[in-house]
Amino acid sequence: MKQRLWYEAPAGKWEEALPIGNGRLGGMVFGGVAKEIVQLNEDSLWYGGSIRGNNPEARTNLPEIRKLLQQGKQSEAEHLARMALMSSPKYLHPYQPLGEMLLWMQGHEDAAGYERELDLEDAVTRVRYERNHVTYEREYFSSAADQILAVRLTADRPGALTIGVNLMRRPFDEGTAAAGEQTILMRGQCGPGGVQYAAAVQAVAEGGAVRVIGDFLSIEGADAVTLLLAANTSFRHPDPQQACLDQLQAASLLPYAKLRERHVSDYSAYYQRVELELRGSGDQAQEEAEQAEKLATDARLRRLAEGANDAALFALYYQFGRYLLLSCSRPGTLAANLQGIWNASFTPPWESKYTININTQMNYWPAEAGGLPECHEPLFDLAESMLSAGRITARELYGCQGYVAHHNTNLWGDTHVEGMLVSSSIWPMGAAWLSLHLWEHYRYGLDEEFLKRRAYPLLKEASLFYLGYMTEDDAGRLITGPSLSPENRFVRPNGETGTLCMGPSMDSQIVYALWSSCVEALRILGIEVAFRSELEQALAKLPQPEIGKHGQIMEWLEDYDEADIGHRHISQLFALHPGEQIHVRRTPKLAEAARRTIERRLAHGGGHTGWSRAWIVNFWARLEDGDEAYSHLRQLLTHSTYPNLFDAHPPFQIDGNFGGTAGIAELLLQSHAGELALLPALPLAWSSGKATGLRARGALTVDLEWEDGLLKEARFTTKKSGECCLRCGTSSIVVFDGDKRVGESSGGSDIVMLQLEAGKTYRVVRQTVKQGRVLE
C-alpha cells in the first residue's frame, strides 16, 4: 500500500491542512481551489529576545522554603516560594507564524474530481481537480537541499493558468513590495528586541507573463508556473532579506524537475531507512485491509472509531511520525517545539515553547530507533545552548555548580523559573532530562568521540548541580527540593493540598538515570576516577521507587493521595519509561505496582490528552502487554487525532504524534536494560508483519518478520563488536552467522548470549520441532 495521506476535499480548517517542512521552513497546505492558503512558519521566528529573569531573592530564601516544607507548613512554603523563586518577567515569549502565502485562481469557483494527498515516500503534497474539461495539478514541497519552499502548478491545456499570489502576516502585516519583476518580498521585526525577518516569493512561468501589481505577483495565461518561496531571520543571517534573494536566485537557475529531484533524493535517503508492514490474520483481516485501502484517510479514522480493524493505518501513522520529525528537525535547525514548526497563532497555546518536563523530550523518542539519529541533533544543540544561562541560574538561585533548567525554555536557551503556577514552574530537572538524550544517542551509536566531546560534558554539568543542590533527609537519603511532581497536587493527612515538596519520585528517578549514565560514561572514557567515586557514593543515597498503600508506585516521598487521581502526568513512572529502574522481570514487584499505577490513573479518567495517551502506550510496551498498548494506540487515533493525523492534546501538540510513533516501535523491538528483545509486546491485531531498518542500542540495525504472532526471521547487523543478550519470548530460536550456528535458546530459557563481531549480519530463525527433530 502506498504510504500517503489523502482526502477528497480541501481542508476546511487548519487541523485538516497537510504539513510540509525542511526542518526549518514549514507550510500547512489547505488545497483550496479558487483560493489556496499555504500557512508559513520559520523555526527562529519567536517574539522578542532573550530573558534573564532569575529572582535575586531566591538564594537567601531557599533555606526557609525547605524548612517550611520539612515542618509540613505547606501553604506558607508555597506562598514564600511564589514570591522568592518565581522570575520577572514571568513568561517566555511565543513562537509565532511567518504568515501566509495566498494563491488566487481566476475563475476556479467550481471543481470536480478533487483529490489532495501527502506522499510520505517523497515528501510532496499534491492537489488535483478538473474544471471545464481541464485538469489542474499542483505539487508542494519544502526542500532542505535548496532551502526553499516550492509550489508547482500545471494544467493540461496551454495558457490555462492565471493566478494572483501575495504574502500576508495578519494582524502584524508590515507590508509587501516588489523585489524585481518576478519577485515580491515581505519583511519586518518580531517584537521589540526580536528577530528581523524576511520572506520572498518568485514566480518562474512557462508561457504567459509575470508582473507585479501592487503587492501581488500576477501570473497571466501560463502553461505552468513554479513559485519559489524563501524565508529567513536575523537569528541566522545578519541580512535576512538578502539571504532570501540569494536563495531564490540559486533555486531559480534550476529547472523544477531538478529542484524536485534534489528534494526527493535528500529526503528519501533518511525516510527509506525504515519500512513497516502490519497485518492482521485470516480472511476477514485481508478483506478489511482491502476495504481500507480504498478509503480516504479521514474516512479510515472514522471507520476505526466505529470498531473496524485497520492494521495498515497504524503503519501509516508510524511513518507519518517519522515524516514529521524529518520535516521539523534536521541538523542545523532548531529543535521541534510543542507544535514542531507548524503554528498558525500569534498567541499559541503554552506559547508553543520547549516544555521540558516531558513534551520536548517526547518529540525525540522515535529518533534513534526510527533510523533518524541526525534528527536528534537539534535537541543536543538546544541543551548546549542552555549551558551558559543554566550555570548562571544554578549559581544565582541555588548557589550551586553545574547547570540547571526548569520546565520551559526557548530558542535563546533561557533557564530561569518560568511561569506563575507553583504546580509546574519550580521544577529544576529540565536540563538533566535533556542531557540524558545525548547519552541515549551514544548508546544507539557507540560513538566514543561524541560521548567525549558532547554527551559527557553536559552529563557532568548536570550531575554537578545535583551534588550541590540535594540535601539529606532524616533517613540519610539525598533528596531534591523544593520541587514538585509535574503539574499534579497531593493531599496531606490534614486535608491540605499542595504541590511543592521535598524529594518527589520523578526527581530521584531522573537523578538516578543521570548519575548512572555519568558513571558509565566515565568508565568508558577512563577518566576522572575521583568524580566517578563521588557519584557512586551519592547514588547509594538516592531514594528508590516505593510501593504505596494502593499498590501503586508512590509519586512523592510520602505516600500521599493525589488530588487528581486521573492526572495526565504519570511522572512517578519515569523509572519504567523512558527510565529503566523498573523492569518486568528484574523488578517484578515494582512492575506490578507500575501496572497498578496505570490502571488506577485510567480508572479515574487518565490518558485524556494525546501525549499522555502516547506515554501510556510506551508504559504498556515496557510491561510487555501488547494488547493493552494496542488498545491505547487505537484510542490515540480515534480520540486524540485530527483528520490530518496531527495529535490533539487538544489543541494540537506534536508530542503525541512522536510518542505514539515511538510506542509502535517499542512494541516490536526493545533494547534497554542490557537486552535485545525481539517482538516483546506484539499485539494480536498485528499478528503478521515486517519491519526493516529499526535501530537498537549497541549500534545494531534490526530487520524483523513474523507470522501468526510468532517470529519468522530476524536479521541484525552490528557496527561494534561485543556481547549481546538476545531475547525472543514467544519463540525458541536459532542464531546463524552465515551458515554457522552460533547460538540457540534451550533448556526453557528465552535468552541467547552472543559474541558479536563488527560488520557482520546475524540471522535469527524460529525453531520448529517435528518428530523429535529440531528444524529451522
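The values are calculated or read from the model by the stated rules, or taken from the named source; none is laboratory data. Treat the numbers as computed from the prediction; the structure is a model and nothing was measured. Because the Cβ atoms are built from the backbone with ideal geometry, glycine has one as well, and the counts that use them run over all protein chains shown. Surface accessibility is based on the protein's heavy atoms, side chains included, excluding ligands, DNA and RNA. Shrake-Rupley method; radii C 1.70, N 1.55, O 1.52, S 1.80 Å.
Restrict the check to the range 140-160 and report whether at least one residue is modelled with pLDDT under 95, open to solvent by 40 Å² or more (accessible area, probe 1.4 Å) and either part of a strand (DSSP E or B) or under 21 Å from Asn41 (Cα atoms) (or both). There is no residue in the range 140-160 that is modelled with pLDDT under 95, open to solvent by 40 Å² or more (accessible area, probe 1.4 Å) and either part of a strand (DSSP E or B) or under 21 Å from Asn41 (Cα atoms) (or both).
Scan the range 87-101 for residues that are at negative phi and among the small types (Gly, Ala, Ser) and jot them down. Step through it out loud before you land on a result.
Going through the range 87-101, the residues at negative phi turn out to be 87-98, 100-101.
Within the range 87-101, Ser87, Ser88 qualify.
Before we move on, is Val774 modelled with pLDDT under 95, open to solvent by 10 Å² or more (accessible area, probe 1.4 Å), over 25 Å from His583 (Cα atoms) and not in a loop (DSSP other than H, G, I, E, B)? Yes.
For Ala203, the test of being touching a strand residue (DSSP E or B) at 6+ places or on another chain (Cβ under 9 Å) and either within 18 Å of Asp43 (Cα to Cα) or aliphatic (A, V, I, L, M) (or both) is passed. Do we have Ile392 as in contact (Cβ under 8 Å) with a residue 40 or more places away in the chain, hydrophobic (A, V, I, L, M, F, W, C) and open to solvent by 10 Å² or more (accessible area, probe 1.4 Å) here? Yes: the conditions hold for Ile392.
The single residue among Leu102, Leu92 that is within 30 Å of Asn232 (Cα to Cα) and part of a strand (DSSP E or B) turns out to be Leu102.
All conditions in (1) open to solvent by 50 Å² or more (accessible area, probe 1.4 Å); (2) touching a helix residue (DSSP H, G or I) at 6+ places or on another chain (Cβ under 8 Å) hold for Arg131, with the sole exception of (2). The set of residues from the range 711-721 being open to solvent by 60 Å² or more (accessible area, probe 1.4 Å) and either within 20 Å of Gly626 (Cα to Cα) or in a loop (DSSP other than H, G, I, E, B) (or both) comprises Lys712, Lys719, Lys720, Ser721. For the range 178-204, the set of residues classified as among the small types (Gly, Ala, Ser), within 27 Å of Gly164 (Cβ to Cβ) and either touching an Asp or Glu at 6+ places or on another chain (Cβ under 9 Å) or open to solvent by 10 Å² or more (accessible area, probe 1.4 Å) (or both) consists of Ala178, Ala179, Gly180, Gly188, Ala198, Ala199, listed by residue number. Looking for something in contact (Cβ under 8 Å) with a residue 24 or more places away in the chain, surrounded by fewer than 24 Cβ atoms within 10 Å (Cβ to Cβ) and charged (D, E, K, R) - is there at least one such residue anywhere in the range 663-676? Yes: the range 663-676 contains one or more residues that are in contact (Cβ under 8 Å) with a residue 24 or more places away in the chain, surrounded by fewer than 24 Cβ atoms within 10 Å (Cβ to Cβ) and charged (D, E, K, R).
Identify all residues within the range 457-478 that are open to solvent by 10 Å² or more (accessible area, probe 1.4 Å) and in contact (Cβ under 8 Å) with a residue 24 or more places away in the chain; write none if there are none. Passing the criteria: Lys460, Glu461, Leu464, Leu467, Gly468, Met470, Thr471, Glu472, Asp473, Gly476, Arg477, Leu478.
Scanning the range 426-457 for residues that are hydrophobic (A, V, I, L, M, F, W, C), within 22 Å of the chain's Cα centre (by Cα) and within 29 Å of Ser485 (Cβ to Cβ) returns Trp427, Met429, Ala431, Ala432, Trp433, Leu434, Leu436, Leu438, Trp439, Ala455. The set of residues in the range 723-745 being over 21 Å from Gly709 (Cβ atoms) and either surrounded by 17 or more Cβ atoms within 10 Å (Cβ to Cβ) or in contact with a strand residue (DSSP E or B) (Cβ under 7 Å, 6 or more places away or on another chain) (or both) consists of Glu723, Cys724, Cys725, Phe736, Asp737, Arg741, Val742, Gly743. Where strands (runs of 3 or more DSSP E) fall wholly inside the range 1-68, the ranges with 1 or more residues that are more than 20 Å from Asn166 (Cα to Cα) and open to solvent by 30 Å² or more (accessible area, probe 1.4 Å) are 4-7. Residue count for the range 262-271 satisfying the condition of being crowded, with 19+ Cβ neighbours inside 10 Å and over 30 Å from Arg157 (Cβ atoms): 3. Evaluate the range 76-88: report whether one residue or more is open to solvent by less than 10 Å² (accessible area, probe 1.4 Å) and more than 30 Å from Glu472 (Cβ to Cβ). Scanning the range 76-88, I find no residue that is open to solvent by less than 10 Å² (accessible area, probe 1.4 Å) and more than 30 Å from Glu472 (Cβ to Cβ), so the answer is no. If only residues of the range 750-771 that are loosely packed, with under 11 Cβ neighbours inside 10 Å and over 36 Å from the mean Cα position of the chain (by Cα) are counted, the one that is modelled with the highest pLDDT is Val769.
The condition (being in contact with a Gly (Cβ under 7 Å, 6 or more places away or on another chain), in a helix (DSSP H, G or I), of a type in the set (Asp, Glu) and under 21 Å from Ile527 (Cα atoms)) is satisfied by just one residue among Glu440, Glu461: Glu461. Pairs linking a residue in the range 601-613 that is closer than 22 Å to Asp561 by Cβ and open to solvent by 30 Å² or more (accessible area, probe 1.4 Å) to a residue that is at pLDDT below 95 and outside any loop (DSSP other than H, G, I, E, B), with Cβ atoms under 9 Å and 6 or more positions apart or on different chains, are His604/Glu562. Among the residues of the range 480-492, those identified as open to solvent by less than 10 Å² (accessible area, probe 1.4 Å) and either part of a strand (DSSP E or B) or among the basic types (Lys, Arg) (or both) are Ser483, Phe490. Tell me, please, whether a residue that is assigned to a helix (DSSP H, G or I) and either more than 16 Å from Leu633 (Cβ to Cβ) or not hydrophobic (A, V, I, L, M, F, W, C) (or both) can be found in the range 331-345. The answer is no; no qualifying residue exists. Might you check whether a residue that is open to solvent by 10 Å² or more (accessible area, probe 1.4 Å), over 20 Å from Pro651 (Cβ atoms) and either part of a helix (DSSP H, G or I) or among the aliphatic types (A, V, I, L, M) (or both) occurs anywhere in the range 311-323? Taking every residue of the range 311-323 in turn, at least one turns out to be open to solvent by 10 Å² or more (accessible area, probe 1.4 Å), over 20 Å from Pro651 (Cβ atoms) and either part of a helix (DSSP H, G or I) or among the aliphatic types (A, V, I, L, M) (or both). For the criterion of being open to solvent by 10 Å² or more (accessible area, probe 1.4 Å) and touching a strand residue (DSSP E or B) at 6+ places or on another chain (Cβ under 6 Å), Met554 fails. The residues in the range 660-710 that are farther than 26 Å from Ala513 by Cα and in a loop (DSSP other than H, G, I, E, B) can be counted, and the count is 5. For the range 157-170, the criterion of being in contact with a Phe, Trp or Tyr (Cβ under 6 Å, 6 or more places away or on another chain) and of a type outside the set (Phe, Trp, Tyr) is satisfied by at least one residue. Can you tell me which residue within the range 504-546, out of those that are charged (D, E, K, R) and surrounded by fewer than 20 Cβ atoms within 10 Å (Cβ to Cβ), is farthest from Leu446 (Cα to Cα)? The extreme case among them is Glu546.
Scan the range 274-299 residue by residue and report those that are open to solvent by less than 60 Å² (accessible area, probe 1.4 Å), within 21 Å of Lys690 (Cβ to Cβ), in contact (Cβ under 8 Å) with a residue 12 or more places away in the chain and not aliphatic (A, V, I, L, M). Residues satisfying the conditions are Gly280, Glu288.
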